[in-house]
Amino acid sequence: MTNLKLEGSSGSALRQCIAAVRRGGVVSVPGIYAGPIHGFLFGDAFDKGLTFKMGQTHVHNYLPQLLEHIENGDLSPDLIITHRMKLEDAAEGYRIFDKKEEDCRKVILTP
């Protein structure tokens, strides 16, 4: 099995997946999506006979394993953390993330 991982919250990552996956393949869309996804290539996906598996990630199910990998040094969350802010600056952190400013991918809030 070959896996391809693309990240993004716009339709561009989904369009890339549809273009890259083989006929009869599976496109997995975990996470949280809200609102319309523009440029969804329904015809291309239909022509390839793709299967879509999507839904919110089961965070509580995977959190213990994830924390163990981080504690063991197998995974580094620093690869996705782009901003660290104080808790009182949370509104600004959410604004930056929402507006996709400063290449923001993940904001960590500290008390």
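One table, with the values for the structure above:
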read-out	value
Residue selected from the stretch 26-53 under the condition of a type outside the set (A, V, I, L, M, F, W, C) and touching a strand residue (DSSP E or B) at 6+ places or on another chain (Cβ under 9 Å), by the criterion farthest from K106 (Cα to Cα)	T51
Filter result (within 29 Å of D98 (Cα to Cα) and not in a helix (DSSP H, G or I)) within the stretch 39-53	G39, F40, L41, F52, K53
Residue match in the stretch 80-90 (condition: over 20 Å from the mean Cα position of the chain (by Cα), modelled with pLDDT of 90 or more and within 22 Å of A34 (Cα to Cα))	yes
Unique residue being under 24 Å from I80 (Cα atoms) and in contact with an Asp or Glu (Cβ under 8 Å, 6 or more places away or on another chain) when the list is A13, A19	A13
Residue match in the stretch 67-82 (condition: touching a strand residue (DSSP E or B) at 6+ places or on another chain (Cβ under 6 Å) and part of a loop (DSSP other than H, G, I, E, B))	yes
Near pairs, Cβ below 9 angstrom, 6+ apart or cross-chain, from the stretch 48-73 (closer than 11 Å to P30 by Cα) to any residue that is aromatic (F, W, Y) and surrounded by 10 or more Cβ atoms within 10 Å (Cβ to Cβ)	M54/Y33
Condition check for P36: exposed (fewer than 11 other Cβ atoms within 10 Å of the Cβ), part of a helix (DSSP H, G or I) and of a type outside the set (V, I, T)	no
Residues located in the stretch 71-111, provided they are surrounded by fewer than 12 Cβ atoms within 10 Å (Cβ to Cβ) and of a type in the set (A, V, I, L, M)	L79, I80, L87, A91
Residue within the stretch 58-74 that is under 14 Å from the mean Cα position of the chain (by Cα) and either modelled with pLDDT under 85 or not aromatic (F, W, Y) (or both) present	yes
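The values are calculated or read from the model by the stated rules, or taken from the named source; none is laboratory data. All values derive from a computational prediction rather than experimental measurement. A quick note on method: Cβ atoms are made from the backbone with ideal geometry, for glycine too, and the neighbour counts reach across all protein chains shown.
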